[in-house]
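Chemist: Take this structure first; my questions come after.
Read the figures in this text as sums done on the coordinates, not as results from a lab. None of these values were measured; they are calculated from a predicted model. Please note: Cβ atoms are built from the backbone with ideal geometry, for glycine as well, and neighbour counts cover all protein chains shown.
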Amino acid sequence: MIGDKCLIQATLHQLKVFETTARLGSFTKAAEELDITQPTVSSQVKQLTKTVGLPLFEQIGKQLYLTTAGKELLHTCQDVFSQLDNFEMKVADLKGTKEGKLSLSVITTATYFIPRILGAFCQIYPDIDIALQVTNHKQIQERMLNNQDDLYILSQPPEEIDLKSQPFIDNPLVAIARKDHPLAVKHNIPLKDLQDYPFIMRESGSGTRKAVQKLLNQHNIEVKVRLELGSNEAIKQAVLGGLGLSVLSKHTLTSTCYDDLTILDVQNFPIPRHWYISYLAGKQLSVIAETFFNFLLDRTQFIEV
Ligand code: PGA
């Protein structure tokens, strides 16, 4: 537990140095990011440790670990800096400008439209800096638990996290094969026929995989997974390479380079899903995050399905 009112003596600069070191897990990287020397980082952290009265880091070998007090302090710092960022954005808004930061995490398939929406957004609001993370569902969930972003775009908002979510467009999953695959000419293919061919699956932690697995489990079907890949693009290349069938979001097929792929007419497909834009229920959205939230919902008609 952090000592009584000790943090009053800590400077914002010390907290920033600590937060950066904790986030990056390295004194050297923190020094680089903050553009100060490594001895300065060490001495700031040392002074803060003295003020707190408990170790904040533990160094084991080359690895830097946060202690329990360090983890508590990291959460506190993140709250403080996010409140200060919000305040700056509100001030800019009061001055009639929109400037500040927007931190966005999106699932892999949202990359097929998000950059275009962000492009249009940045044209209207050139003073907004955007940090965009593209990752799978499991990692987005971890980012939510650490309160790392303003907004999240995903297709399966986790039930165990208290979120406010707004669905905005369909994100169906389709079964795909190369055009010369024996199933490509068939109609109304029974789901169980997928068992007869090699299958390419997304990595564990992927929402696509979870949805496919759920459907297969419901029908007691086990496919022969020949390959697991962590990217939608790699899966399309593997299907084109004749390595098997797969299931992907229909949005991943928009490019004409994939003319040799076809959507199979399999029973129970497409698997219906939506994209959602979500944020932590307890979080007060910044002016910028709220502006982007509304902008995205206004622009959904421009997203090709
Ligand atoms: P995933 O999500 O990258 O976690 O599979 C993609 C999607 O659900 O569309």
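Chemist: Tell me the mean residue ellipticity at 222 nm calculated for the chain from its helices only (DSSP H runs of n ≥ 4, each -39500 (n - 2.57), averaged over every residue, nearest 500).
Modeler: -12000 deg cm²/dmol
Chemist: Let me ask you something else. Calculate how steeply helix 207-218 sits against the longest principal axis of the alpha-carbon atoms of the chain, using the helix alpha-carbon long axis, and give the answer as 0 to 90 degrees to the nearest 10.
Modeler: 50 degrees
Chemist: For segment 116-131, what does the Karplus curve 6.51 cos²θ - 1.76 cosθ + 1.60, with θ = phi - 60°, yield as ³J(HN,Hα) per residue in whole Hz, taken in order and with x for Gly and Pro?
Modeler: So the J values, rounded to whole Hz, are 5, 5, 5, x, 5, 5, 5, 5, 7, 10, x, 8, 9, 8, 10, 10.
Chemist: For segment 40-139, what Kirkwood radius comes out of the mean inverse Cα-Cα distance, in Å?
Modeler: On the way: mean 1/r = 0.0591 Å⁻¹.
Hydrodynamic radius (Kirkwood, Cα only) of segment 40-139 equals 16.9 Å.
Chemist: Arranged from highest to lowest average of other beta-carbon atoms within 10 Å per residue, in what order do the peptides 292-299, 207-214, 183-190 appear? Let's see the in-between values first.
Modeler: Numbers: 292-299: 16.4, 207-214: 19.9, 183-190: 12.8.
Packing proxy ranking, top to bottom: 207-214, 292-299, 183-190.
Chemist: Give the Cα extents of segment 108-168 along the principal axes, in whole Å, largest first.
Modeler: 36, 21, 20
Chemist: Given H placed 1.01 Å from N in the peptide plane, which residues other than close sequence neighbours of N171 have an amide H under 5 Å from its amide H?
Modeler: R273, H274, W275
Chemist: Now, a different point. With both bridge residues required to lie in the chain, what share of the DSSP beta bridges run antiparallel, to the nearest 5%? The partial results should precede the final answer.
Modeler: Values: 22 of 41 bridges.
So the antiparallel bridges amount to about 55 percent of the total.
Chemist: Please compare each pair in K50/K283; K16/K283; K224/K250 to a cut-off of 30 Å on the Cα-Cα distance and tell me which ones are over it. If you can, show how the numbers build up before the last one.
Modeler: On the way: K50/K283 32 Å; K16/K283 21 Å; K224/K250 22 Å.
Result: K50/K283 exceed 30 Å.
Chemist: In µm²/s, what is D for segment 4-78 at 4 °C and 1.567 mPa s, where D = kT/(6 pi eta Rh) by Stokes-Einstein and Rh is the Kirkwood radius from Cα pairs? Provide the component values of the computation, followed by the final result.
Modeler: Working: Rh = 12.1 Å.
Rounded, D is 107 µm²/s.
Chemist: Which residue fluctuates most in the GNM of the chain (Cα springs below 10 Å): L102, L118, L34?
Modeler: The residue that fluctuates most here is L34.
Chemist: Continuing with this model, one more query. In Å, what Rg and Dmax follow from the Cα atoms of segment 173-272?
Modeler: When restricted to the Cα atoms of segment 173-272, Rg and Dmax are 12.1, 35 Å.
Chemist: Now for a different question. Mind listing P(r) for the chain? All alpha-carbon pairs, 20 Å bins, whole percents.
Modeler: With a bin width of 20 Å, the distribution comes to 28, 47, 24, 2.
Chemist: Using only Cα atoms, find the angle between the long axis of helix 38-52 and the longest principal axis of the chain, and express it within 0 to 90 degrees, rounded to the nearest 10.
Modeler: 70 degrees
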